[in-house]
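Enquirer: Before we start, here is the structure in question, set down as structure tokens.
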Amino acid sequence: MVQDTAKKIQRLFVAVEFPSAVRMTLAKRQKEIPCMLWTPPGNLHLTLRLIGEVSQTVTTAVIAGHKIVRAKPFSLQIQGFGLFDRTPQAILWAGLSPSPELSGLKQQVDSALTQCAGLRNGTGFFTPHVTLGRMKTADLKLLQAFISKANEDNSPAFTVQSFT
């Protein structure tokens, strides 16, 4: 029997993975608010493009697009914490420092996905951030105190050498 692989669905996104030292620095913060549903440290990443659920045919085209993107290593830094208030829940995030190289990589990824997979660019504005965790019923006072304290610290820069 021949399996129709074109119907197999996968959820895809393009991301920058962080070095383990960066993930561990962010993970240390997770102990400060025990009532959060935290993102596991191994899953902390910067999403460049959420593609969504696609067939194997589109997955193959996305991989082809991935191969044509070229970027030199560049430096990034975690900078600032904030939250998306989606009452009653809230999503806690860490931002990244402005970077023309990151913006260029994002533009190349979007262009390659349009060219190779026929995927249109999203209509949203790209705000580089890392989702740290979610609070189902937001305690905004607690979250604001956490953000104020976290924003006092400086994070070391790290080098982005690839994306996945």
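The values are calculated or read from the model by the stated rules, or taken from the named source; none is laboratory data. If you're wondering where the values come from, they're calculated on a predicted model, not measured in any experiment. All Cβ positions, glycine included, derive from the backbone under ideal geometry; neighbour counts span all protein chains shown.
Enquirer: What do you reckon, is residue 23 out of contact with any Phe, Trp or Tyr (no Cβ under 7 Å at 6 or more places or on another chain), part of a helix (DSSP H, G or I) and either closer than 28 Å to residue 136 by Cβ or modelled with pLDDT of 90 or more (or both)?
Expert: Yes, satisfied.
Enquirer: If residue 71 passes every condition in (1) under 15 Å from the mean Cα position of the chain (by Cα); (2) surrounded by 12 or more Cβ atoms within 10 Å (Cβ to Cβ) but one, which one does it miss?
Expert: (1)
Enquirer: Of the residues 161, 89, 107, which is among the polar types (S, T, N, Q) and without any contact (Cβ under 8 Å) to a residue 24 or more places away in the chain?
Expert: On the way: 161 fails: without any contact (Cβ under 8 Å) to a residue 24 or more places away in the chain; 89 fails: without any contact (Cβ under 8 Å) to a residue 24 or more places away in the chain.
None of the other options fit; the residue is 107.
For (1) within 30 Å of residue 136 (Cβ to Cβ); (2) of a type in the set (A, V, I, L, M), each residue gets a yes or a no:
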position	(1), (2)
19	no, no
33	yes, yes
39	yes, no
55	no, no
67	no, no
74	no, no
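Enquirer: Let me confirm something: among 26, 76, 140, 113, which residue is under 29 Å from residue 8 (Cα atoms) and either loosely packed, with under 14 Cβ neighbours inside 10 Å or in contact with a helix residue (DSSP H, G or I) (Cβ under 9 Å, 6 or more places away or on another chain) (or both)? Can you show your working first?
Expert: Working: 26 fails: under 29 Å from residue 8 (Cα atoms); 76 fails: under 29 Å from residue 8 (Cα atoms); 140 fails: under 29 Å from residue 8 (Cα atoms).
From the options 26, 76, 140, 113, the qualifying one is 113.
Enquirer: Residue 113: in a strand (DSSP E or B) and either out of contact with any strand residue (DSSP E or B) (no Cβ under 7 Å at 6 or more places or on another chain) or aliphatic (A, V, I, L, M) (or both), yes or no?
Expert: So residue 113 does not fit the description; no.
Residue-wise test of (1) assigned to a helix (DSSP H, G or I); (2) more than 17 Å from residue 17 (Cα to Cα); (3) out of contact with any Asp or Glu (no Cβ under 8 Å at 6 or more places or on another chain).
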| residue | (1), (2), (3) |
| --- | --- |
| 51 | no, no, yes |
| 54 | no, yes, yes |
| 59 | yes, yes, yes |
| 70 | no, no, yes |
| 81 | no, yes, yes |
| 103 | yes, no, yes |
